[in-house]
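Beneath this line is the structure, given in structure tokens, with notes to follow.
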Amino acid sequence: MKCLNQNCDADLIEEQDHFCYKCGNYTAKGYEYLQNKENVDKILNGSAVKQDNRFTIITNIASLSFIILFILILLKNDDMYRPFYYLRRIVENYTYGYNTAIIKTDNMYSNMDINDLDDAKNIITKDLDVQTFKCSYSMDTLRLAIDLETDHKITNVSLCDVPKEEAIKIKEVIDKIYYLFPNIEGTLTNISITNPTSKDDYVAYFQSMYQFVNNNENINNYNKVNKTQILLNSYYFLNNTDAKLDQNWYVKDVTKESLIAHELGHYIVFKAFLKQKNMEDIILVTKDNETKINNLIKEYDSGLFADNILNLSLVSYNFNNKANLTIDEFASSISNYAAYKNNDKLIANETIAEAIHDYYLHGDNSAKASLEIVNTIKNLL
């Protein structure tokens, strides 16, 4: 657009401009605008200027609102999404028919740079910490979980959505086991509420190794990370649900909480096994120790270490009591579960875990076989 002043050489006038920026004369668009009496009246009474001011104010308000929203997101971070996860939890609970865990304990990560043990422990912590904003537990429950981590050197304890009263019971079991067996710190990485495939799969479950970082990567390119964990079934620990426990199967006075002691019994056997192999933990897997760790897990899963503990305990028991019990009689004196067989072979790991379960519940009043097994285990630790 050109200026209507023939002597003006302005050449940067935009099509929407009413006046020339150089000489002040109106443009063709400006001339047309001023031919409308209503527009002239607006200019004379200042309405045109007020309209421009209103636009500026609106623009400033919109910008300020955006800045405030951005700051809130930075400050509140994931809390902005709490309502979404709260609704999601309601839907999932309705679908399952009971309260379920919103935290995922089976995440897998690939192409992660893990340089040392600190990196490995950090990603174990981060794996659950980045999800905790989804939880609706009280600060009291959170403190209980943090105390367990601190007091017993457990990398991460997640009691997400666990009622305070239940969390107290869980903590009492764990505290007592660590008190009874003070040399078991440092190897257990996780205690977490989770959703099993089926609500009836287990009440609590010990997992010696779960490789969740760089599992499918070449060890020459990426170090790997393992968790050693105890998983608690959300069906029992997020709901006011008592497990239907056969008192004639487990040791006397069994409860759903005391079954955590049984699973910690498996962990204690694993801890004793690693100590025999001069290993503190199996968290960080490198090209230098991958074969060793894989062989260790294979040996532990074979049950030979548990068999040796049980046989040593039986020999000691028969000698001290001038008895001649068979291995089956020895195990069944603890509980029917302690005498459980698979393909006609006694599962020594279950026998030992039940002995520790018995010791947790009854102390020096436990079955003599349980006390003998506990004594053998303590000597190994």
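Can you flag which of K126/K378; K126/K227; K322/K345; K176/K224; K121/K292; K244/K368 are past 22 Å Cα-Cα? Walk me through the numbers on the way to the answer.
Values: K126/K378 33 Å; K126/K227 13 Å; K322/K345 26 Å; K176/K224 33 Å; K121/K292 20 Å; K244/K368 27 Å.
Long pairs (Cα-Cα over 22 Å): K126/K378; K322/K345; K176/K224; K244/K368.
Apply the a/c threshold of 1.5 to the C-alpha gyration tensor of the stretch 182-232 and tell me whether it is rounded, prolate or oblate.
On the way: a/c = 3.68, a/b = 1.43, b/c = 2.58.
It is oblate, given that a/c is not under 1.5 and a/b is not larger than b/c.
Using the number of other C-beta atoms within 10 angstrom as an exposure proxy, rank S192, S234 with the fewest first. Please report the intermediate quantities before stating the final value.
Numbers: S192 23, S234 26.
Ranking S192, S234 by Cβ neighbours within 10 Å, fewest first, gives S192, S234.
Sort the following peptides by mean Cβ neighbour count (other Cβ atoms within 10 Å, averaged over residues), highest first: 101-107, 239-245. List each step's numbers first, then the result.
On the way: 101-107: 17.7, 239-245: 12.9.
The most tightly packed comes first, giving 101-107, 239-245.
Would you mind ranking E354, E263 so that the residue whose beta carbon has the fewest other beta carbons within 10 Å leads the list?
E263, E354
Bear in mind that the values in this text are calculations on the coordinates, not laboratory data. Keep in mind that what you see is a predicted model, and the values were worked out from it rather than measured. We place every Cβ from the backbone using ideal geometry, glycine too, and count neighbours over all the protein chains shown.
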